[in-house]
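Single-structure report; data block below.
The values are calculated or read from the model by the stated rules, or taken from the named source; none is laboratory data. Predicted model only: the values in this text are computed from it and were never measured. Cβ sites come from the backbone with ideal geometry, for glycine too, and all protein chains shown count toward neighbours.
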Amino acid sequence: MKYADIQILHEAGLITDEQRQNIIAHYDLKEEGGKYLAIVSIIGAVLITAGIILLKSAYWNAIPRGLKIAMGVALMLGAHGAGWWLREVHGKYRKTGEALHLVGAGLFLANIALLGQIYNLSSRLPNAFLLWFAHDFLLWFAFVLALQGAWMLATTFTQERALRVGQLIMLETRPVDPRDLLRGDFVILNYKISDVTLSAFTPARTNAPADGTTIYVALAPVGTNSFYEIMRASTEPLEPVAGQVLMQGQSRHGWGNGSTVRVEYGLERYYVSEGTGNPRGKLTVQAAVSKSGRATIKEVFVDGKPYIEAMKEPVK
């Protein structure tokens, strides 16, 4: 007696589902080729996911922002939907269905990176995998789809709203060119406002605050170029003053020189197309600051030109 024989009897209506399960348990029957199919399914799922990611990467600059997000959501939901139908409705292709669920899980991880790249979100790599594993452990189909969709929509809405209604400010920067495991090339941006002098704090400080302390700064335009600089800083929320923009970041140890505090605002990474992470020229950043004080990069300029346009020009 084989596992396949019991399945045929069940599909023919000769035994109930409970009887089928009891027979399989009693004789300890295993699905033929289960391990082989599982290995092939996993390899296929990884290759399909990698292929989709590479296809999107190849045409990254040509795809509008909204279409990138819609493609990511549609592919993820499509993979999960097809997997559910093959595994639960059709019933004859359970291994293929499970492989498609794996593709969907892989695409969710890719979508985490996608949103991070589109909106230049600064986060540590383990956080992305933690969110992905949380999805995997909660793999109840309807709940997972709702969780994934809600996360992507909430992130997209929050970032789009910040870009549209946030206070726009201009900042000076200096670049470095590394790479990110999930997202590819990016430019590390070092700002003048990243180093806050102890004398700028209210009340005055004689030493740097603990690592990870929330730092609140008030910025105002200075000079003919109207670049924003720090007017005052505090470890407590500041009261708004006319002509100033309030922003917040996190203190980081290991960077200060004893008289300054290193502050990161979530503006330190700007993701770009492969091979364009080494700009030549003066970099400036236009950032949108929300009422809560959180900032998002809206545009990066090289010698006054938008980054993408500037990097298309031949090097002189």
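Residue by residue through the stretch 141-166, note down the ones that are farther than 25 Å from residue 74 by Cβ and modelled with pLDDT under 75.
Hit for the stretch 141-166 is 165, nothing else.
Could you go through the stretch 228-240 and let me know if any residue there is touching a Phe, Trp or Tyr at 6+ places or on another chain (Cβ under 6 Å) and over 18 Å from residue 294 (Cα atoms).
Looking through the stretch 228-240, none of the residues is touching a Phe, Trp or Tyr at 6+ places or on another chain (Cβ under 6 Å) and over 18 Å from residue 294 (Cα atoms).
Of the residues 112, 169, 193, 188, which single one is within 30 Å of residue 223 (Cα to Cα), modelled with pLDDT of 70 or more, part of a helix (DSSP H, G or I) and not polar (S, T, N, Q)?
Sole residue among the options that is within 30 Å of residue 223 (Cα to Cα), modelled with pLDDT of 70 or more, part of a helix (DSSP H, G or I) and not polar (S, T, N, Q): 193.
It is to be established whether one or more residues within the stretch 230-249 are at pLDDT below 85, farther than 14 Å from residue 173 by Cα and assigned to a loop (DSSP other than H, G, I, E, B).
yes
Take the conditions touching a Gly at 6+ places or on another chain (Cβ under 9 Å), in contact (Cβ under 8 Å) with a residue 12 or more places away in the chain and in the same structural domain as residue 304 (by TED's automatic domain parsing) and apply them to residue 218. Does it pass?
Criteria not met by residue 218.
Please work out if residue 202 is surrounded by fewer than 16 Cβ atoms within 10 Å (Cβ to Cβ) and within 11 Å of residue 263 (Cβ to Cβ).
Considered against the rule, which asks whether it is surrounded by fewer than 16 Cβ atoms within 10 Å (Cβ to Cβ) and within 11 Å of residue 263 (Cβ to Cβ), residue 202 comes out as no.
Condition first: assigned to a helix (DSSP H, G or I), out of contact with any Ser or Thr (no Cβ under 7 Å at 6 or more places or on another chain), over 29 Å from residue 155 (Cβ atoms) and not β-branched (Val, Ile, Thr). Now tell me which residues in the stretch 88-109 satisfy that.
88, 90, 94
Step by step: first the residues of the stretch 21-45, then only those that are within 19 Å of residue 95 (Cα to Cα) and among the charged types (D, E, K, R), then the one that is modelled with the highest pLDDT. Which residue is that?
30
Among the numbered criteria (1) part of a loop (DSSP other than H, G, I, E, B); (2) hydrophobic (A, V, I, L, M, F, W, C); (3) out of contact with any Gly (no Cβ under 8 Å at 6 or more places or on another chain), which single criterion is violated by residue 208?
Here residue 208 meets the rest and fails (3).
Residue check, residue 286 against (1) at pLDDT 80 or above; (2) part of a loop (DSSP other than H, G, I, E, B), all met but one. Which one?
So residue 286 meets the others, but not (2).
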